[in-house]
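Undergrad: Sharing a structure here in structure tokens format.
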Amino acid sequence: AWRAWTRICRRGRVRGCCEPRDRASGAMGILEKIKDIELEMSRTQKNKATEGHLGILKSKLAKLRTELLAPSKSGGGEGDGFEVSKYGHGRVALIGFPSVGKSTLLTQLTGTDSEAAAYEFTTLTCIPGVIHYNDAKIQLLDLPGIIEGASEGKGRGRQVIAVAKSSDLILMVLDATKSEAANSRYAHKEILTRELEAVGLRLNQTPPRVYIKKKHSGGVQVNNTVPGGLTRIDETTVLKVLAEYKIHHCELLIREDIDVDQLIDVLEGNRKYIRCLYVYNKVDALTIEEVDSLSRRADSVCISCYLELGMDQLLRRMWAAMGLVRVYTKKTGSKPDFDEPVVLAEHRGGTSVKDFCDQIHNTMAKNLKYAQVWGTSAKHMGQRVGVKHPLEDEDVVQLVKGDKVDKDELKGRFSVTKKNDPARIADRVKKAKLKT
């Protein structure tokens with residue numbers, strides 16, 4: 001009966017019945033599945049008996065969201081993104097709801113004119129600016145305001161979040177009058193955090209210390225080195241989650257007490273762990289008790305763009321969160337050059353002497369004999385260190401090259417290897433005469 005019905009549809013008697021769905025309808029199907037899974041998770045009680053079932057539902061939800069964010073195979077784009085090239089020693093993105101003061105904050109920190117008005121969605125594109133702070137250049141991006149449902153593509157939310165993924169730090173600008181301290185039911189912080197986590201961003205978290213190696217046979221071997229054992233997840237749930245991802249042969253080593261969500265993050269492999277500061281604007285409309293309550297929270301900064309309060313504190317917190325390290329150079333027999341430092345960062349290659357050499361020249365680390373360091377990272381003034389020595393902020397480094405000659409540079413030239421031939425002709429050893 002189904003073959004006959006398909007044959008009738010192909011002949012054109014019933015149009016639009018068995019035709020393939022387009023990209024939009026496919027996305028709507030994924031969104032419907034996501035809503036169904038979220039509804040089932042909300043109805044399921046959380047206890048030991050349902051822990052494995054909830055783990056399977058979370059695995060399906062993570063795979064559907066990854067499929068929803070995947071680009072179209074047909075090549076058709078969903079809209080123009082924000083083309084902003086990276087500049088400076090770091091990138092900071094401003095994310096928040098409309099009309100919370102992002103454009104005003106950009107203007108006050110960088111001097112770049114960004115349109116600000118009393119209506120929402122004043123900024124429709126990405127506006128960059130540069131902050132000059134501590135002899136470093138930090139790029140600040142003013143992004144359009146996002147709304148609830150941005151992870152599903154509402155209001156160009158995907159383009160905004162894509163720029164946030166390429167940033168080194170996120171400043172989540174919040175309206176202090178709509179915060180938890182002001183007893184507001186519409187708290188922006190939880191909504192924005194939920195939208196960012198839905199697309200794979202993990203704010204103020206570290207990657208789980210979990211090692212996994214897939215194999216072709218041997219089954220699943222689960223081990224852990226946690227003192228006291230795993231308390232937030234059991235082995236049965238781990239096996240069910242691995243089976244949902246079709247991993248039936250692997251070695252899994254868990255080095256910390258993780259939960260189901262962290263295990264799914266490891267299996268997905270596309271998560272971005274990034275630092276975030278919660279900037280509460282418009283604190284001039286709150287009482288002193290409410291401002292004190294907000295300022296004591298972790299990773300929170302209270303400012304007022306209208307009164308220009310808290311800008312210096314915000315810059316100090318940004319510098320500490322980004323972890324930038326300034327290293328000054330010094331030539332032999334001369335004073336250090338404090339005009340333009342070499343800025344390193346742990347998330348941009350590293351902060352060791354080798355990373356410092358790579359910033360100067362790509363062959364400097366190979367020809368390095370030793371380095372002398374003055375600063376907080378050295379045990380004494382002018383300490384001789386190697387390429388693995390970690391540098392700290394405002395260190396002074398002097399590089400000393402060795403006498404080693406690069407073998408690649410000797411190709412096609414005269415050989416410099418020593419021979420055992422005597423220097424004088426008289427010292428040559430005469431060969432014995434041939435016997436006849």
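Per-residue answers, yes or no, for (1) at pLDDT 65 or above; (2) in a helix (DSSP H, G or I); (3) within 28 Å of Ser167 (Cβ to Cβ):
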residue	(1), (2), (3)
Arg21	no, no, no
Ile37	yes, yes, no
Asn47	yes, no, no
Glu83	yes, no, yes
Tyr87	yes, no, yes
Arg91	yes, no, yes
Ser99	yes, no, yes
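Undergrad: For segment 230-248, state whether one or more residues are open to solvent by 30 Å² or more (accessible area, probe 1.4 Å), hydroxyl-bearing (Ser, Thr, Tyr) and closer than 25 Å to Gly96 by Cβ.
TA: Filtering segment 230-248 down to residues open to solvent by 30 Å² or more (accessible area, probe 1.4 Å) leaves 230-232, 234-236, 239-240, 243-246, 248.
Subsequent filtering for residues that are hydroxyl-bearing (Ser, Thr, Tyr) retains 231, 236, 245.
Then keep just the ones that are closer than 25 Å to Gly96 by Cβ; that gives none.
No.
Undergrad: Could you list all residues from segment 241-272 that are without any contact (Cβ under 8 Å) to a residue 24 or more places away in the chain and among the basic types (Lys, Arg)? Spell out the reasoning first.
TA: At the first step, the residues of segment 241-272 found to be without any contact (Cβ under 8 Å) to a residue 24 or more places away in the chain are 243, 246, 269.
Result: Lys246, single match.
Undergrad: So for segment 290-297 (the condition being among the β-branched types (Val, Ile, Thr), over 27 Å from Leu169 (Cα atoms) and open to solvent by 20 Å² or more (accessible area, probe 1.4 Å)), does at least one residue qualify? Explain how you work it out, then say what you get.
TA: Here is the first cut: in segment 290-297, the ones among the β-branched types (Val, Ile, Thr) are 291.
Applying the additional criterion that residues be over 27 Å from Leu169 (Cα atoms) yields none.
Checked against the condition, which is being among the β-branched types (Val, Ile, Thr), over 27 Å from Leu169 (Cα atoms) and open to solvent by 20 Å² or more (accessible area, probe 1.4 Å), segment 290-297 yields no hits at all.
Undergrad: Scanning for something open to solvent by 40 Å² or more (accessible area, probe 1.4 Å) and over 26 Å from the mean Cα position of the chain (by Cα), does segment 254-265 turn up at least one residue?
TA: Within segment 254-265, none of the residues are open to solvent by 40 Å² or more (accessible area, probe 1.4 Å) and over 26 Å from the mean Cα position of the chain (by Cα).
Undergrad: When segment 292-325 is examined, which residues are found to be of a type in the set (Gly, Ala, Ser) and out of contact with any Asp or Glu (no Cβ under 7 Å at 6 or more places or on another chain)?
TA: At the first step, the residues of segment 292-325 found to be of a type in the set (Gly, Ala, Ser) are 293, 295, 298, 300, 304, 310, 320-321, 323.
Across segment 292-325, the qualifying residues are Ser293, Ser295, Ala298, Ser300, Gly310, Ala320, Ala321.
Undergrad: Okay, moving on. Does Ser300 fit the bill of being without any contact (Cβ under 8 Å) to a residue 60 or more places away in the chain, among the small types (Gly, Ala, Ser) and either within 24 Å of Leu94 (Cα to Cα) or surrounded by 14 or more Cβ atoms within 10 Å (Cβ to Cβ) (or both)? Steps first, please.
TA: Working: without any contact (Cβ under 8 Å) to a residue 60 or more places away in the chain: yes; among the small types (Gly, Ala, Ser): yes; either within 24 Å of Leu94 (Cα to Cα) or surrounded by 14 or more Cβ atoms within 10 Å (Cβ to Cβ) (or both): yes.
So Ser300 fits the description; yes.
Undergrad: In addition: If a residue must be closer than 20 Å to Glu308 by Cβ and assigned to a loop (DSSP other than H, G, I, E, B), how many such residues does segment 269-286 contain?
TA: Residues flagged as closer than 20 Å to Glu308 by Cβ and assigned to a loop (DSSP other than H, G, I, E, B) within segment 269-286 amount to 2.
Undergrad: In this structure, does Ala321 turn out to be open to solvent by 70 Å² or more (accessible area, probe 1.4 Å), under 30 Å from Val199 (Cα atoms) and not charged (D, E, K, R)? Please lay out each step first, then the result.
TA: Values: open to solvent by 70 Å² or more (accessible area, probe 1.4 Å): no; under 30 Å from Val199 (Cα atoms): yes; not charged (D, E, K, R): yes.
So Ala321 fails the test.
Undergrad: Follow-up question, since we're still on this one. Please verify whether Asp284 is over 23 Å from Arg158 (Cα atoms), in contact (Cβ under 8 Å) with a residue 40 or more places away in the chain, open to solvent by 40 Å² or more (accessible area, probe 1.4 Å) and touching a helix residue (DSSP H, G or I) at 6+ places or on another chain (Cβ under 9 Å), treating the condition exactly as stated. Steps first, answer last, please.
TA: Details: over 23 Å from Arg158 (Cα atoms): yes; in contact (Cβ under 8 Å) with a residue 40 or more places away in the chain: no; open to solvent by 40 Å² or more (accessible area, probe 1.4 Å): yes; touching a helix residue (DSSP H, G or I) at 6+ places or on another chain (Cβ under 9 Å): yes.
No.
Undergrad: Out of all the residues in segment 113-133, which are buried (at least 16 other Cβ atoms within 10 Å of the Cβ), assigned to a loop (DSSP other than H, G, I, E, B) and at pLDDT 75 or above?
TA: Residue satisfying the conditions is Cys126 alone.
The values are calculated or read from the model by the stated rules, or taken from the named source; none is laboratory data. All figures in this text were calculated on a predicted structure; none of them were measured in a lab. Virtual Cβ from ideal backbone geometry, glycine too; neighbours counted across all protein chains shown. The protein model used for the area step is the full one, side chains on, heavy atoms only, and it has no ligands, DNA or RNA in it. Shrake-Rupley method; radii C 1.70, N 1.55, O 1.52, S 1.80 Å.
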